[in-house]
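Presented below is the structure to which this report refers.
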Amino acid sequence: MKFKILAFAVLMACSFMSFAQKTVVSEADENIGGAINPTFTVFIEGAEYKTVMKAWKKYLEDQKGKIVVDKNDITVSNAMFPSLSATPMAVFSRLMDDKAGVRITAAFVKDGQYINTARMETEAVAVKKIIYDFAIGIKKKMVEEKLKDATKELEKRNDKSQDLVDRKSRLEKDIANYKEKIKDAERDIEDNIKQQSEAKAKAEEQMKIVQEIKDTLNNVD
């Protein structure tokens with residue numbers, strides 16, 4: 001049991017260490033959108049691909065654009081990003097699975113131009129915030145799930161602990177009852193011994209009476 005508890009604690013500690021790593025959105029030129037274009041990238045440690053893909057797809061759908069999914073790539077056109085532009089935009093994105101987590105690479109196109117810091121600094125800051133907030137949201141949900149699991153485990157362990165406390169209480173009551181029964185039995189034994197002695201004395205007296213009657217019978221003439 002101690003080994004299981006230690007293993008569980010180590011697993012939780014390792015999980016939270018991965019969540020503790022700083023979320024960084026970086027810029028690079030990647031082959032996306034049909035050519036080498038400016039992109040923004042974030043890596044979400046410990047995340048599951050399906051979870052991130054579903055959440056990212058939903059986020060893009062919420063921008064009221066047209067979604068096209070092709071394996072790891074999600075493209076949205078005519079999407080509205082109020083913090084970036086008053087006109088519709090396009091986003092080319094790719095999600096890559098990794099043993100350590102999931103990497104999101106996205107290129108944002110405003111008025112036919114790919115956003116990057118050198119070309120549109122204000123918009124680049126806004127894009128980084130969008131991607132950063134998304135990654136943080138995923139991480140928080142992951143921690144919330146870990147918290148939920150840990151809380152359930154705590155409740156199970158508390159229930160087990162309480163069960164043991166209750167069992168100890170019941171056993172102590174049983175012991176007290178058994179001790180009282182032993183005392184009652186001891187009193188019964190003492191009474192029994194006394195009654196045996198009295199019964200034996202009465203039997204001996206009766207034996208004398210019987211013998212006397214026999215003697216009288218034998219002496220009848």
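The values are calculated or read from the model by the stated rules, or taken from the named source; none is laboratory data. Predicted model only: the values in this text are computed from it and were never measured. All Cβ positions, even for glycine, are placed from backbone atoms using ideal geometry, and neighbour counts span all protein chains on display. Accessible surface is based on the protein model in full, side chains and every heavy atom, while ligands, DNA and RNA are left aside. Shrake-Rupley method; radii C 1.70, N 1.55, O 1.52, S 1.80 Å.
Give me the net charge for the shell around T23: Cβ to Cβ below 10 angstrom, other residues only, Lys and Arg +1, Asp and Glu -1.
0
Roll a 1.4 angstrom probe over the protein heavy atoms and tell me the percent of accessible area of the range 75-221 that is carbon or sulfur.
Roughly 54 percent of what the probe reaches on the range 75-221 is carbon or sulfur.
Taking the chain, how much of its Cα-Cα pair set, in percent, is spaced more than 24 angstrom apart?
Of all Cα-Cα pairs in the chain, 65 percent lie more than 24 Å apart.
Testing the spin-label approximation: label points 7 Å from Cα along Cα→Cβ at K200 and N78. State their distance in nm.
Inter-label distance under the simple model: 11.3 nm.
How big is the range 121-221 along each principal axis, measuring the range of its Cα positions in Å and listing the largest first?
Per principal axis, max minus min of the Cα coordinates gives 147, 17, 6 Å.
At a Förster distance of 35 Å, what's the computed FRET efficiency of E155 paired with K179, Cβ-Cβ distance as r, to 0.05?
Once the sixth-power term is evaluated, E becomes 0.45.
Near I36, within a Cβ-to-Cβ distance under 11 Å, what is the net charge of the other residues, with Lys and Arg +1 and Asp and Glu -1?
On the way: positive: none; negative: D29, E30.
Summing Lys and Arg as +1 and Asp and Glu as -1 gives -2.
Using a Förster radius of 41 Å, what is the FRET efficiency between K141 and N31 based on their Cβ-Cβ separation? Nearest 0.05, please.
The value I calculate is 0.85.
Using the Cα centre as the reference, give the magnitude of the dipole from point charges on the C-beta atoms of the chain (Lys, Arg: +1; Asp, Glu: -1; all else neutral), rounded to the nearest 20 debye.
Values: 39 positive and 37 negative charges, 225 e Å.
That gives the chain a dipole magnitude of about 1080 debye.
Heavy atoms of the protein only, probe of 1.4 Å, neighbouring chains included. What is the accessible area of I209 in Å², nearest 10?
Number for this one is 80 Å².
Note the full-extension length gain between E172 and D62 as 0.36 nm times their separation in residues minus their Cα-Cα distance, in nm to one decimal.
Working: separation 110, 0.36 × 110 = 39.60 nm, distance 6.26 nm.
Between E172 and D62, full extension yields 33.3 nm more.
Lysine pairs in the range 14-123 8 or more apart or on different chains: how many have alpha carbons under 21 angstrom apart?
The number of close lysine pairs in the range 14-123 is 18.
For the chain, what is the calculated [θ] at 222 nm in deg cm²/dmol (nearest 500), taking -39500 (n - 2.57) for each run of four or more DSSP H residues and dividing by its residue count?
-21500 deg cm²/dmol
Whole number please: convex hull volume per residue of the Cα set in the range 103-162, in Å³? Please list the in-between numbers first.
Details: hull volume 4.9 nm³, N = 60.
It is 82 Å³ per residue.
Measuring from a point 7 Å past the Cα of T216 along Cα-to-C-beta, which residues in the range 169-205 have an amide N at less than 20 Å?
Correct set: 202-205.
Skip the ligands, DNA and RNA, and give the accessible area per residue of the chain with a 1.4 Å probe, whole Å².
On a per-residue basis, 71 Å².
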